[in-house]
1. Can you tell me how many residues in region 186-201 are over 20 Å from F148 (Cα atoms) and either free of Cβ contacts under 8 Å to residues at least 24 places away in the same chain or touching a Cys at 6+ places or on another chain (Cβ under 9 Å) (or both)?
2. Across region 109-130, which residue is farthest from A51 (Cα to Cα) among those that are of a type in the set (D, E, K, R) and buried (at least 24 other Cβ atoms within 10 Å of the Cβ)?
3. Looking only at region 49-108, which residues are in contact with a Ser or Thr (Cβ under 6 Å, 6 or more places away or on another chain), of a type in the set (G, A, S) and surrounded by fewer than 24 Cβ atoms within 10 Å (Cβ to Cβ)?
4. State yes or no: is M121 closer than 29 Å to P229 by Cβ, part of a strand (DSSP E or B) and in the same structural domain as H268 (by TED's automatic domain parsing)?
5. Only residues that are part of a loop (DSSP other than H, G, I, E, B) and under 19 Å from V10 (Cβ atoms): list them for region 338-348, please.
6. Just to be sure I understand, how many residues within region 1-16 are modelled with pLDDT of 95 or more, of a type outside the set (D, E) and part of a loop (DSSP other than H, G, I, E, B)?
7. All but one of (1) acidic (D, E); (2) outside any strand (DSSP E or B); (3) closer than 30 Å to I364 by Cβ hold for E164, so report the exception by its number.
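The values are calculated or read from the model by the stated rules, or taken from the named source; none is laboratory data. On a predicted model such as this, the values are computed, not experimentally measured, just so you know. Here the Cβ positions follow ideal geometry from the backbone for every residue, glycine too, while neighbour counts run over all protein chains shown.
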Amino acid sequence: MVTEDAQRHVIENGAVAIQGDRIIEVGPRATIDAKYGATNRAINRLDQPTAILAPGLINTHTHAAMSLFRGVADDLKLQDWLEKYIFPAEAKNVDREFVRWGTRLGLLEMALSGTTAFADMYYFEETVAEETKNAGMRGVLGQTVIGFPAPDYKTPEAALAGAEKFIRAYADDPLIVPAVAPHAIYTTSDETLQAARTLADRYGKPLIIHLAETKAEFDEAVQKRKKSPTRALSDLGVLQGWTLAAHAVWLDPADFGLLRAAGTGISHCPSSNMKLASGVAPVLKMLQAGIPVGLGTDGVAGSNNDVDMFEEMDLAAKLQKVTLGDPTALPADQAFAMATIMGAQALGMSKEIGSLEAGKRADIISIRLDAPNAAPLYNVYSQLVYSLKASDVGEVMVNGRIIVRNRKMLTIDDKAVMAKAEEYRAKVAKSLSGN
């Protein structure tokens, strides 16, 4: 069992005792058995003798409903992908039901691959919240605010009002943390960015934003504002408060101090940054500066084609090694921490999730060790990051409730989702063909 507690305890033949939605004790199986025997019906026990027990994986940046656009436009520059394909495809196809079924598909893929919590940014976010809650998963869900007519709200003002309504509806939910999500500095006016910050602060909720993803974004900010995107957002007051920023690939030397001082959490998205040739985020420099950095997949529509956090862990470690010319850079244990406890820190939720510890939410996964790629096992972190796959996940528990058992999702009708995905494939393809 891998706990990811402060001492990074690894417990051989371990078990977790759970009461309701909380972990009450973690320790050797014999100890847990003796203290919480089978006669105590108020206590659930989770142990898997032929598997690794671990905290659920945390995807700190995605756009779940975009799963229905998987593969619609690949091998393009970000701006071409957005302006020529994704924005038009969204205008023609995205409505509340599209978001409902796209979210279900995304949730199904995430849960089966060991993700228990995710940060999202999209449209009709109250529908994303409804489906996430129905599936029994945990979400930090940001209602998008953008500077042009969107599928759900036609003006930034309407989007902000919608975000406030959404925040009120889920203010104290055990699974959903509502957020306001201004898209980026280049798609949202300064006034709207500041209004989004004010709204998030008024309710004590997070602000989610894309930050310094591409060199073009960085260069445009320097040209027009004479400062980096990070400095511009900091000067506007947008980073001062509970903030999660995705990407942070292009940073000035001074930006590290700004992000650290603001307490901004960063979502590092290695697959997306590689696929779009956005660059290599300075992950080690951010970590050395004391900035909390988690891992994200980004959306399944060109920037990435899956939501597989095992893949992100593997790529995150290897990308830093090859870029820095140092095989010791970002070792496996650190990559796994980025997918769990450090991801929770980036989300501002490390007191609740990210590790197996008494008092925390019972978000737990089991990873089977009975496949050829799992044997032999010498180092558990090496195995988790470089050998084991999403398909090795056996069970998934969120908030004390098992939602995946023996690789079967218990809370989503997978056949209905797959059938609907094919219906939308035909619809989207037709809309883009012009026929």
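1. Going through region 186-201 one residue at a time, the tally reaches 1.
2. E125
3. Answer for region 49-108, where residues must be in contact with a Ser or Thr (Cβ under 6 Å, 6 or more places away or on another chain), of a type in the set (G, A, S) and surrounded by fewer than 24 Cβ atoms within 10 Å (Cβ to Cβ): just A51.
4. When the stated conditions are applied, M121 passes them.
5. Hit for region 338-348 is T340, nothing else.
6. Residues that pass the stated criteria total 7.
7. (3)
So that you can scan it fast, the table gives a plain yes or no per residue for (1) over 21 Å from D392 (Cβ atoms); (2) buried (at least 24 other Cβ atoms within 10 Å of the Cβ):
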position	(1), (2)
A289	yes, no
P292	yes, yes
T297	no, yes
A301	yes, yes
E312	no, yes
L324	yes, no
T328	yes, no
A332	no, no
